[in-house]
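The values are calculated or read from the model by the stated rules, or taken from the named source; none is laboratory data. Not measured: the values here are computed from a predicted model. Using ideal geometry, Cβ is built from the backbone for each residue, glycine included, and neighbour counts are taken over all protein chains shown.
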Amino acid sequence: MINASKDYLKSFFNGNLQYEVPFFQRAYIWNEENWEILWENVFDVFQDYLNQINNEHFIGTLIIKQRPAQLLGDNIYDLVDGQQRLTTFAILLKTLADTCQNTLPRLKEKIMELIVFENARGQKFIRIIHNHVDKPYFEKILSNDLNTIETQLGNSENKIAQAYFYFLEKVKDLEDEHRDILKDLILNKVPIISMLISAEDDEQEIFDTINSLGVKLTTAELLKNYIFKESELRPLYPSHWNSIYEIDEERIDFWNKDKTSGRVIRTNVEILLYCYLIIQTRKEVKLEKLYKEYKAWLTGQTIESKITFLETLKAYAEIYYNFPEGEELNEFEFSEYEKRFFHIIENLSITTVYPLVLFLYNEIPEPEERREYLEFLESYLVRRNICKLTTKNYNNLFLSILQRLIDFQNEAEGLTLGKFKNIFYEYDDETNLFPSDDMLKESFHNSILTNQNAKEILYCIELNNKDNDLTDVKKLSSTNYSVEHILPKKWEGNWMDREMTETKKSIRNKKLLTLGNLTLLTKKLNSTLKNNSWDIKKDTLLQYSSLRITTEYINLDAWNEETIESRANDLFNVAKEIWER
């Protein structure tokens with residue numbers, strides 16, 4: 001039975017009520033953006049009060065579930081939804097207590113009674129019971145004085161600790177009179193919808209209800225709750241879930257980090273769950289309905305099959321977690337093929353290939369053997385990109401390839417590189433084909449790529465140029481460079497040839513956008529050159545540019561359509577060796 005009513009925060013910081021964050025809930029993830037919004041709203045209420053304006057700040061729905069009492073007098077509730085908000089207000093109240101100036105003798109005591117209460121025996125209880133990684137930080141903050149907290153947590157990266165120091169800065173200069181007013185406003189001017197769920201209600205129904213109400217719960221949170229509602233599976237939670245996704249701040253941050261998937265932004269854990277379900281079901285999965293798809297797939301499965309699910313998902317999660325990403329992809333050598341591969345699919349926005357890649361990593365654990373698969377796949381993707389062939393069918397394409405690879409596993413010979421390559425060679429329609437050398441060459445002369453895509457192609461070609469024993473610096477950071485049109489888009493002022501016809505102008509305007517005319521320069525150098533003539537450009541490039549894709553051409557007397565064609569041939573000859581068919 002669900003009872004919902006309008007209430008105020010004072011009803012949650014009252015008496016011997018205690019709230020425990022369920023073990024399957026997420027860690028505290030609010031950041032400075034969230035704290036700033038909350039503070040600004042609360043402070044607006046405070047300033048309005050001082051100006052005799054009645055105002056409130058509504059914070060949404062808090063959902064708690066009754067828990068059967070273990071001891072007489074226990075009054076503990078599961079904090080089903082609202083832990084981020086309630087925790088933040090508890091931290092804000094603690095900073096008010098810790099900065100009291102004692103001009104109101106009992107103010108600190110009264111504030112502390114809201115967040116740490118005593119029973120008749122004098123035992124102290126923290127109002128909110130956290131779990132896992134947040135528990136020690138929250139308890140240190142609620143149980144210690146300011147000096148101790150600063151000493152023990154001053155450099156902590158834990159978000160609960162950071163929230164404390166954020167609000168400490170906001171309230172440290174308040175007078176006690178204002179501190180008292182702010183405390184009362186938090187309790188009496190922050191309305192909520194309080195939703196109480198009885199102990200008999202099914203927890204999965206609770207989460208489904210929350211989701212239907214539009215309260216944002218992630219797929220991972222919903223799935224975690226659904227799978228571990230089985231009493232037989234709960235003992236596996238520490239080893240098969242918490243140790244993978246929630247064991248420390250680094251893991252929590254990683255799995256909550258956003259990644260672009262197609263045209264939408266999803267977290268790493270959602271991408272993992274999406275890939276895993278595609279591999280297991282061999283069917284297309286809708287990211288926007290991912291939890292429902294998991295629920296339908298798991299419904300009716302035995303405990304043994306659900307254990308297998310947790311074990312295999314754990315294995316895939318460890319693979320995904322160890323994919324090169326972030327700072328690892330900022331600077332690397334051409335020979336670091338894994339970093340190059342992931343750099344390419346990230347920067348060319350081909351993340352729809354992830355289910356196939358995850359499958360290959362799981363099935364081919366030997367790095368050198370797997371390297372051949374990845375480099376072949378890289379060639380296919382890059383060639384199609386240079387040839388500007390469609391990516392619209394990639395979801396279906398990679399799913400069909402995945403299906404065939406799984407079928408190969410059931411054959412006597414199993415999955416081989418030859419079979420893998422033959423799948424791609426069989427495609428003869430433009431939607432899926434593997435471009436030939438002739439197609440690739442034609443595209444180097446005529447394809448007009450986006451700056452982002454052109455930058456990635458040129459970056460990889462230059463990395464390859466540095467991949468020899470005579471080069472002293474083999475690494476290159478793509479973030480330092482931007483795409484430069486050697487013959488500038490606005491060429492008429494300094495590049496006009498005598499008696500150029502309109503037809504020749506049109507040809508030039510198209511040719512200058514192709515790869516033969518594009519190079520990479522540092523952003524400062526790029527902005528310096530702009531629309532300068534070739535004589536000025538090549539002198540500047542001779543002095544400051546260090547990339548072979550540029551320096552091999554700066555001694556030419558002229559730069560025009562013919563030299564652009566010649567350079568396009570040079571780039572093609574390198575590219576066809578990097579990305580072999």
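Points to keep in mind about this one:
- Checked across the stretch 327-337, the condition of being without any contact (Cβ under 8 Å) to a residue 12 or more places away in the chain, part of a helix (DSSP H, G or I) and outside the structural domain of Asn268 (by TED's automatic domain parsing) holds for at least one residue.
- Residue match in the stretch 500-517 (condition: surrounded by fewer than 18 Cβ atoms within 10 Å (Cβ to Cβ), outside any loop (DSSP other than H, G, I, E, B) and touching a strand residue (DSSP E or B) at 6+ places or on another chain (Cβ under 8 Å)): no
- Check on Arg266, in a strand (DSSP E or B) and crowded, with 16+ Cβ neighbours inside 10 Å: yes
- Checking Asp253 against (1) free of Cβ contacts under 8 Å to residues at least 40 places away in the same chain; (2) surrounded by fewer than 14 Cβ atoms within 10 Å (Cβ to Cβ); (3) assigned to a helix (DSSP H, G or I); (4) not aliphatic (A, V, I, L, M), the condition it does not meet: (2)
- For the stretch 118-165, a residue qualifies if it is aromatic (Phe, Trp, Tyr), farther than 14 Å from Thr95 by Cα and either crowded, with 21+ Cβ neighbours inside 10 Å or free of Cβ contacts under 8 Å to residues at least 24 places away in the same chain (or both), and exactly one does: Tyr137.
- Any hit, the stretch 520-535, residues being surrounded by fewer than 21 Cβ atoms within 10 Å (Cβ to Cβ), at pLDDT below 90 and among the hydrophobic types (A, V, I, L, M, F, W, C): yes
- Of the residues in the stretch 6-16, at least one is among the acidic types (Asp, Glu) and either assigned to a strand (DSSP E or B) or free of Cβ contacts under 8 Å to residues at least 60 places away in the same chain (or both).
- Candidates in the stretch 496-524 are the residues that are touching a residue at least 40 places away in the same chain (Cβ under 8 Å) and among the hydrophobic types (A, V, I, L, M, F, W, C); of these, the one that is nearest to Arg383 (Cα to Cα) is Leu515.
- Criterion violated by Lys474 - all others in (1) assigned to a helix (DSSP H, G or I); (2) basic (Lys, Arg); (3) closer than 30 Å to Gly326 by Cβ; (4) touching a residue at least 40 places away in the same chain (Cβ under 8 Å) satisfied: (1)
- Of the candidates Leu415, Leu399, the single residue that is part of a helix (DSSP H, G or I), farther than 30 Å from Glu484 by Cα, touching a residue at least 24 places away in the same chain (Cβ under 8 Å) and hydrophobic (A, V, I, L, M, F, W, C) is Leu399.
- Residue within the stretch 555-568 that is over 26 Å from Asn465 (Cβ atoms), not polar (S, T, N, Q) and not in a helix (DSSP H, G or I) present: no
- Under the condition of being over 26 Å from Ile486 (Cβ atoms), out of contact with any helix residue (DSSP H, G or I) (no Cβ under 9 Å at 6 or more places or on another chain) and part of a helix (DSSP H, G or I), the residues counted in the stretch 418-453 number 4.
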